[in-house]
Amino acid sequence: MPTFEEVLRLRERLSKEHGRTIGIIPEIKHSTYFHAKGFNPEKAFLTQVRAHGLDRKNAPLWLQSFEITNLKAVRKMGYQANSTFLAWTGDGRWDGPYDLLSKGDTRKYSDWMKPAGLKEISTFADGIGPEKFFVIPKKADDTLGAPTSLVADAHAVGLKVIPWTFRNENTFMAKDLQTSGTAPSHDTGVRHFSCGWAVDFRMCFAAGVRGSAARCSWPAMLTVISCRGRKARMIFFRLSPVSSCR
């Protein structure tokens with residue numbers, strides 16, 4: 001697995017080779033755990049970002065995290081680029097930011113995706129990365145329901161919305177978008193894309209989304225395409241996790 005610094009150098013090289021901006025979306029994972037072990041992933045992150053000239057407004061960089069304390073911490077440390085608060089669906093005891101749950105805050109990710117939560121998020125982040133079923137939830141029979149107001153609510157407080165993850169396996173799609181048989185392998189991905197996966201994208205874009213996280217058939221490769229209409233404006237490499245302090 002490459003180090004964060006190696007990926008930053010790769011971003012620079014590919015940007016030059018292809019004559020276009022290649023962005024990067026690193027995720028600081030399990031920050032609370034690593035701090036308890038004596039590490040500081042936020043400091044390590046900022047050291048590398050600044051060494052490569054990406055700690056600036058409008059940089060092709062979006063830091064993301066399922067926790068909140070670290071997103072606030074990097075701001076206090078002077079971080080100027082973009083950040084995204086991630087959220088997954090679920091109603092269990094631990095289906096919320098662990099850093100806050102471990103301190104007695106009982107709010108779950110579903111609470112943070114409501115207007116009051118989004119307003120608070122807008123004070124320390126530039127966007128949200130909700131599981132796609134926050135945008136268009138599944139019904140009791142696992143088929144897609146009607147879009148929620150999440151995208152409009154987030155845009156109302158100035159937050160970008162980049163839902164995840166759009167994958168071409170049945171496991172990651174609602175029942176009515178799945179294909180029969182086993183999940184397709186890499187060599188059938190294009191055929192499958194013309195079915196449920198493409199519909200999945202179109203429905204979220206119709207709900208107001210302008211960017212999405214998509215995972216292709218290669219397990220190690222994740223990309224994010226920020227879209228305006230039908231044209232991709234910027235290609236991002238998404239890395240998860242990037243909590244190594246190397």
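The values are calculated or read from the model by the stated rules, or taken from the named source; none is laboratory data. No experiment lies behind these values; they were computed from the predicted model shown. Don't worry about glycine lacking a Cβ; one is built from the backbone with ideal geometry, like all the others, and counts go over all protein chains shown.
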- Would you check which residues across the stretch 96-141 are surrounded by fewer than 16 Cβ atoms within 10 Å (Cβ to Cβ) and either closer than 20 Å to H30 by Cβ or hydroxyl-bearing (S, T, Y) (or both) and list them? S102, K103, G104, D105, T106, T123
- Those residues of the stretch 106-130 which are out of contact with any strand residue (DSSP E or B) (no Cβ under 8 Å at 6 or more places or on another chain) and assigned to a loop (DSSP other than H, G, I, E, B), in sequence order: T106, R107, K108, K114, S122, T123
- Query: Within the stretch 39-58, which residues are surrounded by 22 or more Cβ atoms within 10 Å (Cβ to Cβ) and within 23 Å of A87 (Cα to Cα)?
  - Reply: P41, E42, F45
- Determine whether the stretch 131-152 contains at least one residue that is at pLDDT below 75, out of contact with any Gly (no Cβ under 6 Å at 6 or more places or on another chain) and polar (S, T, N, Q). no
- Query: How many of the residues making up the stretch 153-175 are in contact with a Gly (Cβ under 9 Å, 6 or more places away or on another chain) and either over 25 Å from L63 (Cβ atoms) or buried (at least 18 other Cβ atoms within 10 Å of the Cβ) (or both)?
  - Reply: 11
- Query: Could you say whether any residue in the stretch 157-166 is farther than 25 Å from I24 by Cα and touching a residue at least 24 places away in the same chain (Cβ under 8 Å)?
  - Reply: no
- Which numbered condition trips up L61, out of (1) farther than 20 Å from V161 by Cβ; (2) touching a strand residue (DSSP E or B) at 6+ places or on another chain (Cβ under 6 Å); (3) surrounded by 15 or more Cβ atoms within 10 Å (Cβ to Cβ)? (1)
- Could you give every pair whose Cβ atoms fall below 9 Å, whose first residue belongs to the stretch 58-79 and is at positive phi, and whose second residue is aliphatic (A, V, I, L, M), counting only separations of at least 6 or pairs across chains? N58/A81; G78/L46
- Item | Among (1) surrounded by 16 or more Cβ atoms within 10 Å (Cβ to Cβ); (2) under 15 Å from F205 (Cα atoms) - the single one S149 does not satisfy | (1)
